[in-house]
1. Which distances, shortest first and in nm, link residue A:313 to the matching position in the other copies, using label points set 7 Å out along Cα to C-beta?
2. In whole Hz and in residue order, list the ³J(HN,Hα) couplings for the stretch B:285-301 that follow from phi through the Karplus curve 6.51 cos²θ - 1.76 cosθ + 1.60, θ = phi - 60°; x for Gly and Pro.
3. State the Cα centre-to-centre distance between the stretch B:226-261 and the stretch A:85-146 in whole Å.
4. For Cα pairs less than 8 Å apart in space and 6+ apart in sequence, what is the mean separation divided by the residue count of the stretch A:61-194, i.e. the relative contact order in percent?
5. Could you state the angle between the C-alpha long axis of helix B:316-329 and the longest principal axis of the C-alpha atoms of chain B, as a value from 0 to 90 degrees rounded to the nearest 10?
6. Answer with one residue from A:243, A:315, A:379: the one whose Cα lies farthest towards the positive end of the charge dipole of chain A, charges on Cβ with Lys, Arg +1 and Asp, Glu -1.
7. Taking R0 as 22 Å, what's the FRET efficiency between residue A:302 and residue B:498 from their Cβ-Cβ distance, rounded to 0.05?
8. Starting from the residue with the highest accessible area, list A:504, B:312 in decreasing order, probe 1.4 Å.
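The values are calculated or read from the model by the stated rules, or taken from the named source; none is laboratory data. As the structure is a prediction and not an experimental result, all values here were calculated from the model. Counting neighbours? That spans all protein chains shown, and the Cβs are built from the backbone with ideal geometry, glycine included. Surface accessibility is based on the protein's heavy atoms, side chains included, excluding ligands, DNA and RNA. Shrake-Rupley method; radii C 1.70, N 1.55, O 1.52, S 1.80 Å.
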There are 2 protein chains.
Amino acid sequence: MTIVALAQLNLMVGDIPGNARRVIDTARRLHGKADIVVFPELTLTGYPPEDLLLRPACDARVDSALGEIARAAEGITLVVGYPAVRDGVRYNIAGVVRDGVVESEYRKMELPNYSVFDERRYFEPGDSALVFRQGSVEFGVTICEDIWFDKPVQRAAAAGAQVLLNLNASPFHQDKAAERETLVADRAARFNVSVVYVNLVGGQDELVFDGGSFVVDANGKVAHRAAFFEESESLLVFHDGVPCVADIARFPDVDEQVYRTLVLGTRDYVRKNGFDSVVLGLSGGIDSALTLAIAVDALGPENVETVAMPSRYTAQISGQDALQQAQRMGVRHQTISIEPAFRAFLEMLSETFSGTEADITEENIQARCRGILLMAISNKRGRMLLTTGNKSEMSVGYATLYGDMAGGFAPLKDVPKLLVYRLARWRNRDSEAIPKRVIDRPPSAELRADQKDTDSLPDYETLDGILALYVEQDRSPDEIIAAGFNRALVERVTGMVDHNEYKRRQAPPGIKITRRAYGRDRRYPIVSGF
Amino acid sequence: MTIVALAQLNLMVGDIPGNARRVIDTARRLHGKADIVVFPELTLTGYPPEDLLLRPACDARVDSALGEIARAAEGITLVVGYPAVRDGVRYNIAGVVRDGVVESEYRKMELPNYSVFDERRYFEPGDSALVFRQGSVEFGVTICEDIWFDKPVQRAAAAGAQVLLNLNASPFHQDKAAERETLVADRAARFNVSVVYVNLVGGQDELVFDGGSFVVDANGKVAHRAAFFEESESLLVFHDGVPCVADIARFPDVDEQVYRTLVLGTRDYVRKNGFDSVVLGLSGGIDSALTLAIAVDALGPENVETVAMPSRYTAQISGQDALQQAQRMGVRHQTISIEPAFRAFLEMLSETFSGTEADITEENIQARCRGILLMAISNKRGRMLLTTGNKSEMSVGYATLYGDMAGGFAPLKDVPKLLVYRLARWRNRDSEAIPKRVIDRPPSAELRADQKDTDSLPDYETLDGILALYVEQDRSPDEIIAAGFNRALVERVTGMVDHNEYKRRQAPPGIKITRRAYGRDRRYPIVSGF
């Protein structure tokens, strides 16, 4: 009998001594209870460390941390991830630490360099399997992307591995958890190995690692699944390489997965940046209502403050609905009219603008007055400002730079408008946290009299349909038209997406939840004649 | 005798039909004058096309453009760059187009995936030399990074190449032009080939390609150098593979190189984004003074507008100096006090802030009132707003998000403060375009009474010294202290650099001129415990 522990940890990128302490604490706590502890990919640096990897000080800190971990690993085997330079070349490594030394090292073979990943920027690929014996079982080691390819698994199996320990930092997107398990189960059955899949958990800038570590047997059957979205430590008993069945956490449905991703991503971004509270503008619309719910679930109502900022164009019910939701959620709420500042700017510019018609300029001034107020409260109270825009708006530039786009973090940045509605309903499943009228009202930016989103944009069913094909699936306008959308609309919407890259480049980070998010995931030129 | 033309073009990223037209026009114009025309790397897409390469429509447009080019290439050989999928894999290709067909294709072997480059994200490396005969000479083909390595050059030489045609998109940084020539000359002499080095010219987002195409003979001696910072078309006569000496443009000194890079980068960013004019805040300080000079040199005084925006803290001489420079440069200039809006915000927030002391919040409100005014003028008149901050400020976060950081483009983003002074003096070499007092005054943000930059920052000699070591050379704080800087200052400055990644992430793009610029060149996590 061999006992393997899955250490699904929430680590801190760059904090090598702190992450090493987490490893050592875990090893000490599991001493006598587990034979092997498996940690996530790049345990010591967190993931993704990006260009911190290029600092020579990073290598020195990893070396020093490894020394401490080795000294702590008496009577227990640790499989720990870290970057290291070997023979003049940097590798993404999983080290087997046993009896006070780093006994052997596996070098990741498959280096993802697509989507949000840049591993070829930092690492060279390895090309050898690593198998070690513990008790009567042969354990192979692979890292994350390796298991999506045949070669690394095949080599480990050929080298005698009965159980594959796979260290991961696999970020969330919709349906990813199910994809992972299906793929790993298939790989296990094809190469006749059990697989211990240990994932990272927690938010890091644009990414959320959703946890859900699991074990499949050599028939591809799930023997264990850890919780999603939280740290966990589970012990799996292997008899001759065959895992005994343990807890199998349920799969949350997709809306719940997304909502909990947004909560975890927001909490970690705020706290890991040294803040404990946030402020946001509450307009009475659906986007800020959902953002408020997420913020409260992430940080607690005592750490969230909202501000309603009406103008001459704000409907009375907007203020009522905002107040009602703030009261229901128990957050501090105030109302500050933007009219004095708005009037001051119009007056200051009256000579410069004399003879011109009101246009988008005056709308932007209103949004920017709100941005100034919110940033002033953020600055004065040390609360991070959350922006409330969604992916549909970010795609077509239906947002004001330095206005409603001002803020440190954008929880809904990758959430299309229709999904905003679904998530609001999901959040209201037990009680009406978000007033029903907020969900039912036609959306409006309220920047001029009787404005509706549909004055400038197609209805959201059409808009989100076009955007999914263009942004997430790289379809051409002709293909989108062939899929049944109106030619003029498709040309207008795709043109807006192309044109507004400059706005997105100055947007705050937000959480990736789709297959293609804006940010590191989608790297478009601003100047483009495509 | 074989005549090779170097087509140093300013292309438009993504505009495949437009770039193909440039190729065809060039071919037609040189018909009967040249035997071979060599174009820059990825001629048809421009460089870098980034994720446009992942759109299937990109491949289709390249195919169609190649067909048109082939039909136009009668009686002349064209060596053109483009991306293409061959056998299911995408390569960075140089095609030899002759007698109406794409006769052969070279696949780039060395794919840079560091600094600003992401070529492993898009391409697989090739592994075969390509040599073709024209007249009595054997021509080899390589692409950009290839020539920085032995293998591709060695293989071309081994395959019989007498002259190597190297297609480039080599971006500017200080001293890069000299580095390039030294390296290529060395390579030519070692492998006994002449080299025709054709570079791209023009600005693309953060990058400027500086041109300066050149030819070296097989002894490494420069036979020709094209102009820097502008399009050029030069004809080189080869006798049995030996180039005849032609025009050798002078090397501008480094300050001139940087200044002209900033002018070209600003002009191309503004115009290629469909603008023809800019607006900027002119404070009476050195940064906005230099930015104004660059804008005028890039776009002409009739396309530049400046605004002075004094507050209660603005010295009278600031307004005088701003007016004087605006008059000297012949740009439209106006003064709008920010006091009415600033007072309105203080009043609107008086209840919320009651019992608190004035702090950075009130300073930021002033900077943001200026941001709103400038963006309003930008919106109303369709002029792009230029921000005026420099690299020293961007590094330590001595700038206000949505305030002085608001704008579409930041010409000085990668220019350290001491270099701002040098460039201002260089620009004044013939006549005092920038008033001498602007250069001589101690720098101040003028956001509170009697404020000086040195209240918050070390003197710029010290600051820039620390920043160069930390940001550009990846030295650790201990190493910087060992280099002679005060420990407390080093810790404070490096801490500010780390802490302010969130501000830089929302900064507008600017022009890379150092070895390591902020932007695609330096990818740091925001959340970091390093």
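1. 3.2
2. Going residue by residue, I get x, 6, 5, 6, 5, 5, 4, 4, 4, 4, 4, 5, 5, 7, 10, x, x Hz, with x marking Gly and Pro.
3. 48
4. 17
5. Helix B:316-329 sits roughly 30 degrees off the main axis of chain B.
6. Highest projection toward the positive end goes to A:379.
7. Working from the Cβ atoms, E equals 0.15.
8. Most to least solvent-accessible, the answer reads B:312, A:504.
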